[in-house]
Amino acid sequence: MEANVSFLQQQPQAQVRHGVNATQLGAALGPPQRFDEIHFMHPHTGREDLRRNAALVAHFFASAAPLLAPGGGAAVVVALLKDQYERWRIPEMAALNGLALQGHEALPVQFAAKRGDSSRGFYRLSSSGKRNRETKGGHGGTSCLYRFSRSPAAMEALLQQNRAPLQ
């Protein structure tokens, strides 16, 4: 992981930040900036609480969407396990913030999650099929990168919702 972070930090247009409140990116990043891509790798509150984890991702989308560069190519990218994507209703959370799924792909390195194990850990799968303990985590499934960008239809629905009189 250090090699990946080091590589990214050497890129003139990349910023790598750790310990940032993902629900308040504008405040955490300083002066107003626009980004081609904003990534959040395996968001989780640390508890098995469906509502809290879904809310975390929804607030991240709300925080990230205004920071996207103008044009059609800018994206918010989230790494999730497939079952998290489904259980946390990620497409709905994205649409609430004017974003729509553009596609997804499996992460190049996969992890086998062991639910019910006392460590509740993820294990990296080696080429020989052996498990190597890699990082702590939760449920099983395939890790995927989900790519969201501004959706004209979702943005229009969001604008209409914001124009509706409060009841």
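The values are calculated or read from the model by the stated rules, or taken from the named source; none is laboratory data. Not measured: the values here are computed from a predicted model. Counting neighbours? That spans all protein chains shown, and the Cβs are built from the backbone with ideal geometry, glycine included.
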Name the single residue, out of those in region 1-15 being among the polar types (S, T, N, Q) and surrounded by 10 or more Cβ atoms within 10 Å (Cβ to Cβ), that is farthest from Pro66 (Cα to Cα). Ser6
Which condition number does His18 fail, the rest of (1) loosely packed, with under 11 Cβ neighbours inside 10 Å; (2) at positive phi being met? (2)
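For (1) surrounded by 15 or more Cβ atoms within 10 Å (Cβ to Cβ); (2) without any contact (Cβ under 8 Å) to a residue 60 or more places away in the chain, each residue gets a yes or a no:
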| residue | (1), (2) |
| --- | --- |
| Gln24 | no, yes |
| Gly30 | no, yes |
| Asp49 | no, yes |
| Asn53 | yes, yes |
| Ala62 | yes, yes |
| Leu68 | yes, no |
| Val78 | yes, no |
| Ala106 | no, yes |
For the structure I just gave you, tell me whether Glu134 is at pLDDT 55 or above, surrounded by fewer than 17 Cβ atoms within 10 Å (Cβ to Cβ) and within 23 Å of Arg47 (Cα to Cα). no
Are any residues in region 1-16 at pLDDT below 85, farther than 14 Å from Phe35 by Cβ and polar (S, T, N, Q), and if so, which ones? Asn4
Considering region 32-47, residues that are surrounded by 13 or more Cβ atoms within 10 Å (Cβ to Cβ) and among the hydrophobic types (A, V, I, L, M, F, W, C), and then whichever is farthest from the chain's Cα centre (by Cα), we arrive at Phe35
